[in-house]
Amino acid sequence: QVQLVESGGGLVQAGGSLRLSCAASGRTFSYYNMGWFRQAPGTGREFVAAVTKSGISTYYADSVKGRFTISRDNAKNTVYVQMNSLKPEDTAVYYCAANAVFLNLRLGNNNYWGQGTQVTVSS
């Protein structure tokens, strides 16, 4: 089992940047593929980005490709997402997720979830 705690959310103007962090504790961090999802008011939770256990491979939703970068530091048990060129439509609660099976992570099936951190982008 793994526990996840996000940080780094806040209010930023359009075009600005934020870096979210997710600290993991519990089972060995490198056992899990890690990802970020988001949920805007009135919508379902959507995939944002994911990184494999080793950190070698990364995947992004089309809506954030070229603007967001996911990374992980297995020595620090932490996954990050650097968010640049933020848009008002990026406003959402961002959730960190972990899963030992990458396909399940990507589909949101049986993930471990953090509590979420609010990102608000003003126009």
If you take the residues of region 26-41 that are out of contact with any Leu (no Cβ under 8 Å at 6 or more places or on another chain) and part of a strand (DSSP E or B), which of them is farthest from residue 74 (Cα to Cα)? 39
Filter pass, residue 11 being among the hydrophobic types (A, V, I, L, M, F, W, C), surrounded by fewer than 16 Cβ atoms within 10 Å (Cβ to Cβ) and not in a strand (DSSP E or B): no
Out of 101, 64, sole residue that is without any contact (Cβ under 8 Å) to a residue 40 or more places away in the chain, touching a strand residue (DSSP E or B) at 6+ places or on another chain (Cβ under 8 Å) and β-branched (Val, Ile, Thr): 64
Taking the criterion of being closer than 25 Å to residue 122 by Cα and in contact with a Lys or Arg (Cβ under 7 Å, 6 or more places away or on another chain), would at least one residue in region 10-21 satisfy it? yes
Out of all the residues in region 62-73, which are open to solvent by 50 Å² or more (accessible area, probe 1.4 Å) and either of a type in the set (Asp, Glu) or at pLDDT below 95 (or both)? 62
Only residues that are more than 20 Å from residue 27 (Cβ to Cβ), open to solvent by 10 Å² or more (accessible area, probe 1.4 Å) and not in a helix (DSSP H, G or I): list them for region 81-96, please. 82, 84, 85, 87, 91, 93
Got a sec? Which of 31, 59 is open to solvent by 60 Å² or more (accessible area, probe 1.4 Å), touching a strand residue (DSSP E or B) at 6+ places or on another chain (Cβ under 6 Å) and among the aromatic types (Phe, Trp, Tyr)? 59
Among the numbered conditions (1) open to solvent by less than 30 Å² (accessible area, probe 1.4 Å); (2) more than 12 Å from residue 91 (Cα to Cα); (3) among the basic types (Lys, Arg), tell me where residue 38 comes up short. (2)
When region 97-123 is examined, which residues are found to be part of a strand (DSSP E or B), more than 15 Å from residue 18 (Cα to Cα) and either at pLDDT below 95 or open to solvent by less than 30 Å² (accessible area, probe 1.4 Å) (or both)? 97, 98, 99
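The values are calculated or read from the model by the stated rules, or taken from the named source; none is laboratory data. On a predicted model such as this, the values are computed, not experimentally measured, just so you know. Cβ atoms come from the backbone with ideal geometry, glycine included; neighbour counts cover every protein chain shown. For the accessible areas, the whole protein counts, side chains as well, though only heavy atoms, and no ligand, DNA or RNA atoms are used. Shrake-Rupley method; radii C 1.70, N 1.55, O 1.52, S 1.80 Å.
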